[in-house]
Amino acid sequence: MAESDRLLIALDVDGTLIHEDESVGDAVLDAVTRVREAGHEVMLATGRSWETARPIHEKFGLTSRFVVCANGALTMRRDETVEGGYRREFIETFDPTEVLRTIRPHLPSGSFMVEDPTGFRRYTEGMTDWELVNAEQVGFDELSEHPATRVVVISPQHDEEEFLAIVDRMGLQRVSYAIGWTAWLDISPDGVSKATAMERVRHALDIPASRVVAVGDGRNDLELLQWAGAEGRSVAMGQAPDEVKAAATETTGTVTDDGLAAVLRSL
């Protein structure tokens, strides 16, 4: 493939590449393989930590130079000299103390998790539905003792509308945040998103903005889709919230219908 024809393809993981039960559609796996083997730069741009993104990266046979994790707060770079083949290249952190103190009174029964720059996670009671490898349960006050790349808050007793209203009342300042499908809040350093990390990657790879494609389904993909769609192509999954669809240049089928496969085949 001529260098000028190469695309930079940024793919969200949950709800885009994989189903809710973490299964993978054969059509999606085949489509990813085809565009990767054609010479395009296919990479993950996910809210997941590297530790939980890595099995997905490997399942799809990806060898991208970069992997964007933690909603843009961590970018991994391929390095064959280190164990696992990737090293932590760019890390954005913040002091989670103020954020945690702001949120706690609004969600006194919520559960919290803080991910530090090494990927280690400290969490409070109730985070049982999350992937907790490389992690330990701690008291709430201990969550503030280390710099964070990411803070996650869940409150299962609230439905989505109730949770949105609570988050609105919090008035969070100097952080970036995304609200998940259900009652969970994902908080990043101020000004950091998948889009900011992908723009850094795009420059490093010297790929024009017009040759960018991004696909996602969640509110943490809003900036990514707006960034890609400014000059390139951005696609929202069929089950995405209306605000996410509005941020994209187009919409495809749902994840259960392997909507991503249709996008990749069209490339």
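Here the spin labels are modelled as points 7 Å beyond Cα on the Cα-Cβ line, and at ALA209 and SER109 they lie 4.7 nm apart.
The magnitude of the dipole of the range 60-216, with charges of +1 and -1 set on the Cβ of Lys/Arg and Asp/Glu and taken from the Cα centre, is near 660 debye.
Across ALA148, ALA214, ALA165, mean-square fluctuation computed from a Gaussian network of the chain (C-alpha pairs under 10 Å connected) peaks at ALA165. Take the Cα of GLU243, step 7 Å toward its Cβ, do the same at GLU231, and the gap between the two points is 2.8 nm. Using θ = phi - 60° in the Karplus curve 6.51 cos²θ - 1.76 cosθ + 1.60, the 3J(HN,Hα) couplings for the range 49-64 round to 5, 4, 4, 8, 7, 4, x, 6, 3, 6, 4, 8, x, 6, 10, 4 Hz; x is entered for Gly and Pro.
Taking every protein chain into account, the accessible area of the range 92-154 amounts to 48 square angstrom per residue (probe 1.4 Å). Accessible area of GLU243 (1.4 Å probe, protein heavy atoms only, ligands and nucleic acids ignored): about 90 Å².
Based on DSSP H segments of at least four residues, each scored -39500 (n - 2.57), the chain has a per-residue ellipticity at 222 nm of -8000 deg cm²/dmol.
Legend: calculated FRET efficiency, MET170 to ALA2, from the Cβ-Cβ distance at R0 = 51 Å, rounded to 0.05, equals 0.55. When a 1.4 Å probe is rolled over the protein heavy atoms, the share of accessible surface on the chain that falls to carbon and sulfur comes to 44 percent. Using Cβ point charges alone (K and R +1, D and E -1), the dipole size of the chain about the Cα centre works out to roughly 780 debye.
Subtracting the Cα-Cα distance of GLU125 and ARG78 from their residue separation scaled by 0.36 nm leaves 13.4 nm.
The values are calculated or read from the model by the stated rules, or taken from the named source; none is laboratory data. The model shown is predicted, which means the values in this text are computed figures rather than measured ones. For neighbour counting, all protein chains shown are included, and Cβ atoms are generated from backbone atoms with ideal geometry for every residue, glycine included. Quick note on the areas: whole protein, heavy atoms, side chains included, nothing else; ligands and nucleic acids left out. Shrake-Rupley method; radii C 1.70, N 1.55, O 1.52, S 1.80 Å.
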